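A.B. asks: The structure's right below; bear with me while I get my questions together.
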Amino acid sequence: MTAVWIGILVLAFSWLKALPLFEDAGGSLPWFLVGVLLVVFGLRNQNFWQDGPRKGPAVAVLVSSMVAIAWLGDPFRTGFLLLALAALLTLLPVPRAAARWALPGLWFSGMVCVLQAACVPLLYSFCARYHQTAELPFLHDLVSGFPSFPWLATLLYVPLKILNPDTALGGATLYMPASVDVIALTPTWEKLGLIPAVLFGAGAAPLLLLRPDWRRRLGGLLFWTALFLYVRLVLLFLLVAHTRNERAFWLFDFVFLSFFPLALLLAAWWHRGSSAPESPEPSEVGPLRSGRKRFLAWLAGPEESESHFDARLRTARVLVATFLFAGGLTAFWGFHDAGIPKAGRILIDEGHSDWEWTTEPFDTLTYGGKSGYNYYCLADYWNHFYSVETRRDSLTSELLAGWDVLVIKTPTSAFSKQEVDAIEGFVRQGGGLFLIGDHTNVFGTSTYLNAIAERFGMYFRYDATYTLASLGLSLFERPHRFAHPVIRFMPDYLFATSCTMYSPPLSENVILGYGLRAMYLDYSEVSYFPTKQEKWDYDFGLFVQAGGVRFGKGRVLGFTDSTCFSNFFMFMPGKPELALASLEWLNRTNRWSWRYRIFLLTSLIGLVLLVIEARRNTGLSFWQGVIVSGTLTVVVLGAITESQVARSYALPQPHRPPIYITFDHEHGNYLIPAETLPVSNWQNFQTFYVWTQRMGLVPRDESSLEGAVRNSRALVEIHPYRSFSIEEIDLVVDFVRRGGTLVVLDSPDNFRSSAKTLLGPFSVYFDGEVADSLAVLDAQGDTLGVPRRAVGVRGVAPLLTLGDGRTVMGYRPFGKGRVVACGASYLFCSESMGNTAVVPNARQRRVFRAEYDVFEKVAGLRVRGRYYLPDE
């Protein structure tokens, strides 16, 4: 059975390849295949069909697996693919030798993958909240002020002190001398290897339950696994202290190799237990079966002596118990109370915040860092959908009674106890509370927020997050299924360095970040950002980056990255969707909160009944019943709950529609901070993109041309390089004819340009004569810049010209709309315009003025601010 144990381990680690828990996901298929082959090899030639195939359960497994395959995404459908294959081979006239060789392993590996998939959501919820082993899980939630106990650090200290006499223990941290300094290491669940250990244990469950003495053997499995994890962590601490390389805790290859002895250890333990003589039960006659024969009997199911009625009754009990267990969990995580919508009166507290101001205008006159690091655009955007007001008053119960949602963002001063009491009462009576924090307790934001957040079981930590492997900005992709209503409409979301937060174990998982490194603040650094080098002791893996709590009749939403709503990030992909959906979720009074307790209780009852049934029988028929009932329950209830969320939590409709301008990323080749921070070169157009907001416009980055022209007043094509179909050209022509404005920015450096196809129907084209280092002039003859390469435009009225007199940017009326073409796109890249915190010089002001001309004078889209910029 050694191959089987190794196969279970490989399958467990295939999930670490398939999910971005620590490193980027990818390359999991070979690991899944190797794991399945090892299991099939280890269980080969089991006489599975000695009593004839059971085609009825196989049909049920096949149907339920196909349903799961269609509804679930990768990698969660992997186990069902294996089960569907096993069921199909059971039903087809497969040669007997082939069936005996492959079927036992296919059935078993399919069940292993399904059980491991079921553990993944539970691991996400636990590991995102709990990291330090000294903070005993759940006890801190049940008992306020429960003290931390460094039990694991204390246990590690004894052998480490023996092996390295200079080791010291301080609180929950171990200090170990290295070659030139002292390395501090704190035991965490991730360093212990909790995630692969649980996945490995879930895979071992079917193997364990084939034994009639599985309850006694379970103790042995837990003992040897715990002992191995303990010894492994001792050796890892010694290794990290010696090599000064903390990546040994999470690098995939090293973690797998460090767990490999566990599979060999448990295989030896299993073989010894299977071969050792045991005392027979009173009802048993004859010698006990070997481990291989036990597995044969397990696959064969219940004895034939069982009556037909008893078999049906046992199957019904398994189906009902599984339905209660799986249904309760699915409803608990998938159901979201639609609540009672409120009037949408939003109060933003400015009295406690001297950061991310909503009162500083973002217009064509005010520039610099303060104009970018503020929430003017956020408040203005919200005001299109809700009634938004900013106040500096003290937060009293009387004041809050007139509002539906209170927004507290990046506080820089403390709240009085009376204010905190008033806020708690406001939420209890049905108010919504949006808490927006930031990294490293900058300006004391986490300290001041926690005075409020702790009333609701939440806590903002004093750290900063980066991608674990590259130390860059993290990108979040919402889950394929059971996404929270707050992120349901959110595309891939780029964080701008968040802190992490704690939310209660049964609270709502809004955003659980993955593949992260959380580093504690450093008060000696600017903005308290920790130095990224020479750090060995940090938390890593999964973290709560946004969490929701239902409290009384109201709701609380905590978010950990205020920069994402700053003007220069506000309309990057995902940010406006998150901003609107957050208020839409908070703008509800709870109606069915009691249902969550019912769902959880139902699940616990089902679990107890399943355990009782497992004590009576754990044959293949038991597992088939669990899989069929559990799969259909999760899929059907999951589809129902997702449909309920879709009906209840649509994005709000504006009462004052914004003026959208859209950037087409399907055909355009430009960079904005959508999935990563752009480098500073001729393709970076973040400043051009953000500057449209200074005129009161709302820019959108769209991944499809069809979506780009929908509800938009202007379409921007930057460096178009993908070909346009006839249907797409017709779509753009119709868009302009009906009154839209098409803006095309191109450059001779765009060697794959498709601008000719796009501009041809409007009789506008680039002349093809490349100008090297010629000045670009405005109508007054002032220089806007000297692009490295530019090309002239024909068929347009001039807006800007080259030094040789040719038009380099101009416009042409078409129907009710306009077409603008520019052959010197370099003028408008961030390298020319500066970053979004720039204080412009005279040349940059003229470039800004040229952009404003396009959207105000040509397109007529001006909303606010003044056109001209003073030269002084």
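A.B. asks: Which loop-located trypsin sites (Lys or Arg not before Pro) does the range 202-259 contain, where loop means any DSSP state but H, G, I, E or B and the Cβ has at most 16 other Cβ atoms within 10 Å?
C.D. replies: Numbers: sites: Arg215, Arg216, Arg217, Arg232, Arg244, Arg247; in loops: Arg244.
Within the range 202-259, the qualifying trypsin sites (Lys or Arg not before Pro) (loop, at most 16 other Cβ atoms within 10 Å) are Arg244.
A.B. asks: Note down the relative contact order for the range 407-550 as a percent, whole number, built from C-alpha pairs under 8 angstrom at least six residues apart. Working shown, then result.
C.D. replies: Working: 272 pairs, mean separation 33.8, N = 144.
Value for the range 407-550: 23 percent.
A.B. asks: Given a cut-off of 22 Å, name the pairs among Lys161/Lys191; Lys370/Lys535; Lys191/Lys535; Lys17/Lys191; Lys816/Lys857 whose C-alpha atoms lie farther apart than that in the structure shown. Before the final figure, lay out the partial values.
C.D. replies: Details: Lys161/Lys191 19 Å; Lys370/Lys535 32 Å; Lys191/Lys535 15 Å; Lys17/Lys191 18 Å; Lys816/Lys857 15 Å.
In this structure, Lys370/Lys535 exceed 22 Å between Cα atoms.
A.B. asks: Please list the helices of the chain that count as membrane-span-like by this rule: a mean Kyte-Doolittle hydropathy of at least 0.5 together with Cα atoms stretching 18 Å or more along the helix axis, each helix being a complete DSSP H run.
C.D. replies: Sorted by number, the helices that extend far enough and score high enough are 2-18, 29-42, 55-71, 78-91, 96-129, 151-163, 194-209, 214-243, 252-275, 308-334, 594-616, 620-648.
A.B. asks: Still on this structure, please answer the following. Would you list, by chain and number, the lysines whose Cα falls below 16 Å from the Cα of Lys553, excluding same-chain residues fewer than 8 positions away?
C.D. replies: Output for Lys553: Lys342.
A.B. asks: For a test of the definition: using alpha carbon positions, the gyration tensor, and the 1.5 limit on a/c, classify the range 771-872 as rounded, prolate or oblate. Kindly include the intermediate steps, with their values, before the conclusion.
C.D. replies: Working: a/c = 1.78, a/b = 1.05, b/c = 1.70.
Note, shape of the range 771-872 comes out oblate.
A.B. asks: What ranking do 714-725, 463-474 get when scored by the average of other Cβ atoms within 10 Å per residue, highest first?
C.D. replies: Values: 714-725: 21.3, 463-474: 19.8.
Peptide ranking by packing, descending: 714-725, 463-474.
A.B. asks: Express the C-alpha Rg of the range 1-105 as a ratio against the empirical globular expectation 2.2 N^0.38 Å, rounded to two decimals. Could you put the intermediate results ahead of the total?
C.D. replies: Details: Rg = 15.0 Å, N = 105, 2.2 N^0.38 = 12.9 Å.
Normalised Cα radius of gyration, the range 1-105: 1.16.
A.B. asks: Under 17 Å Cα to Cα from Lys417, which aspartates and glutamates show up? Leave out anything in the same chain fewer than 8 places away.
C.D. replies: Partners within reach: Asp349, Asp393, Glu398, Glu454.
A.B. asks: Moving to a separate point now. I'd like to know which of Phe663, His352, Ala321 lies farthest towards the positive end of the charge dipole of the chain, counting +1 on Cβ of Lys and Arg and -1 on Cβ of Asp and Glu.
C.D. replies: Ala321
A.B. asks: Among the aspartates and glutamates, which have Cα under 18 Å from the Cα of Lys575 when same-chain residues fewer than 8 positions away are ignored?
C.D. replies: Of all the aspartates and glutamates, those that pass the test against Lys575 - Cα under 18 Å, at least 8 places apart if same chain - are Glu356, Asp380, Asp438, Glu477, Asp492, Asp561, Glu584, Asp664, Glu675, Asp701, Glu702.
A.B. asks: Express the relative contact order of the chain as a whole percentage, based on alpha carbon pairs under 8 Å and six or more residues apart in sequence. Walk me through the numbers before you get to the answer.
C.D. replies: Details: 1732 pairs, mean separation 102.6, N = 872.
Dividing the mean separation by the residue count of the chain yields 12 percent.
A.B. asks: Note down the magnitude of the dipole of the range 1-114 about its Cα centre, charges +1 on Lys and Arg C-beta and -1 on Asp and Glu C-beta and zero elsewhere, to the nearest 20 debye.
C.D. replies: Working: 7 positive and 4 negative charges, 91 e Å.
My answer is approximately 440 debye.
A.B. asks: In addition: Within the set of other residues whose C-beta is less than 13 Å from the C-beta of Ser725, count the net charge using Lys and Arg as +1 and Asp and Glu as -1.
C.D. replies: Values: positive: Arg722; negative: Glu666, Glu706, Glu727, Glu728, Asp730.
Neighbourhood net charge equals -4.
A.B. asks: Check which residues have an amide H placed less than 5 Å from Thr560's amide H, if you skip close sequence neighbours.
C.D. replies: Gly437
A.B. asks: A further question on this structure: Any idea which of Tyr175, Pro341, Val863 is furthest toward the positive side of the dipole for the chain, if Lys and Arg beta-carbons carry +1 and Asp and Glu beta-carbons -1?
C.D. replies: Pro341
A.B. asks: Taking amide H atoms as placed 1.01 Å from N in the peptide plane, list the residues 5 or more away in sequence, or in a different chain, whose amide H sits under 5 Å from that of Gly785.
C.D. replies: Val776
A.B. asks: What does the net charge come to around Cys564 if you take all other residues with beta carbon closer than 14 Å to its beta carbon, with K and R at +1 and D and E at -1? Each step should come with its number before you reach the end.
C.D. replies: Working: positive: Lys409, Lys575; negative: Glu356, Asp438, Asp492, Asp561, Glu577, Glu675.
Overall, the nearby charge balance is -4.
A.B. asks: Moving to a separate point now. Counting only helical runs of four or more DSSP H residues, what would the 222 nm mean residue ellipticity of the chain come to if each run contributes -39,500 (n - 2.57) and the total is spread over all its residues?
C.D. replies: Working: 27 runs with 368 residues, N = 872.
Taken over the chain, the calculation gives -13500 deg cm²/dmol.
A.B. asks: Right, another one. Could you rank the peptides 452-461, 109-118 by their average count of other C-beta atoms within 10 Å per residue, with the highest value first?
C.D. replies: Highest-to-lowest ranking by the protection proxy: 109-118, 452-461.
A.B. asks: Mind checking the range 354-447 for chymotrypsin sites (Phe, Trp or Tyr not before Pro) that DSSP puts in a loop (not H, G, I, E or B) and that have at most 10 other Cβ atoms within 10 Å?
C.D. replies: Working: sites: Trp355, Trp357, Phe362, Tyr367, Tyr373, Tyr375, Tyr376, Tyr381, Trp382, Phe385, Tyr386, Trp403, Phe415, Phe426, Phe434, Phe443; in loops: Trp355, Phe362, Tyr367, Tyr373, Tyr375, Phe385, Tyr386, Trp403, Phe415.
Filter output for the range 354-447: empty list.
A.B. asks: Also, I was wondering about something else. With a cut-off of at most 10 other beta carbons within 10 Å, and DSSP calling the residue loop, which trypsin sites (Lys or Arg not before Pro) in the range 364-428 qualify? Please list them. Present the calculation step by step, with values, prior to reporting the outcome.
C.D. replies: Numbers: sites: Lys370, Arg391, Arg392, Lys409, Lys417, Arg428; in loops: Arg392.
Filter output for the range 364-428: Arg392.
A.B. asks: Turning to a different aspect of this structure: When only Cα pairs under 8 Å and 6 or more residues apart are kept, what is the percent relative contact order across the range 335-416? Let's see the in-between values first.
C.D. replies: Values: 105 pairs, mean separation 40.3, N = 82.
Rounded, it is 49 percent for the range 335-416.
A.B. asks: Still on this structure: What ranking do 10-16, 835-841, 347-353 get when scored by the average of other Cβ atoms within 10 Å per residue, highest first? The partial results should precede the final answer.
C.D. replies: Details: 10-16: 24.7, 835-841: 14.4, 347-353: 20.6.
My ranking of the peptides, most packed first, is 10-16, 347-353, 835-841.
A.B. asks: In terms of the Cα gyration tensor, with a ≥ b ≥ c the square roots of its eigenvalues, is the range 346-492 rounded because a/c is under 1.5, prolate because a/b exceeds b/c, or oblate? Don't skip to the answer; put the middle values down first.
C.D. replies: Details: a/c = 1.37, a/b = 1.19, b/c = 1.16.
Rounded, since a/c falls under 1.5.
A.B. asks: Okay, moving on. Quick one: putting +1 on the C-beta of Lys and Arg, -1 on the C-beta of Asp and Glu, what dipole do you get for the range 755-872 around its Cα centre, in Debye to the nearest 20? Intermediate values should be presented prior to the final figure.
C.D. replies: On the way: 16 positive and 12 negative charges, 98 e Å.
So the dipole magnitude of the range 755-872 works out to roughly 480 debye.
A.B. asks: With a ≥ b ≥ c the root eigenvalues of the C-alpha gyration tensor of the range 754-801, is it rounded (a/c under 1.5), prolate (a/b larger than b/c) or oblate?
C.D. replies: Working: a/c = 3.18, a/b = 1.59, b/c = 2.00.
Oblate, since a/c reaches 1.5 and b/c is not below a/b.
A.B. asks: Could you point to the residue in Gln686, Ala797, Phe565 farthest towards the positive end of the chain's charge dipole, with +1 and -1 charges on the Cβ of Lys/Arg and Asp/Glu respectively?
C.D. replies: Phe565
A.B. asks: Measuring from label point to label point, each 7 Å out along Cα→Cβ, what is the Val59 to Val320 span in nm?
C.D. replies: Output for this residue pair reads 2.5 nm.
A.B. asks: Dipole of the chain, Cα-centred, from +1 at each Lys and Arg C-beta and -1 at each Asp and Glu C-beta, to the nearest 20 debye? Display every interim value, and only then the final one.
C.D. replies: On the way: 77 positive and 75 negative charges, 503 e Å.
Computed charge dipole of the chain: roughly 2420 debye.
Computed from the coordinates by the stated procedures, all read-outs in this text should not be read as laboratory data. Just so you know, these numbers come straight off a predicted model, no measurement behind them. Because the Cβ atoms are built from the backbone with ideal geometry, glycine has one as well, and the counts that use them run over all protein chains shown.
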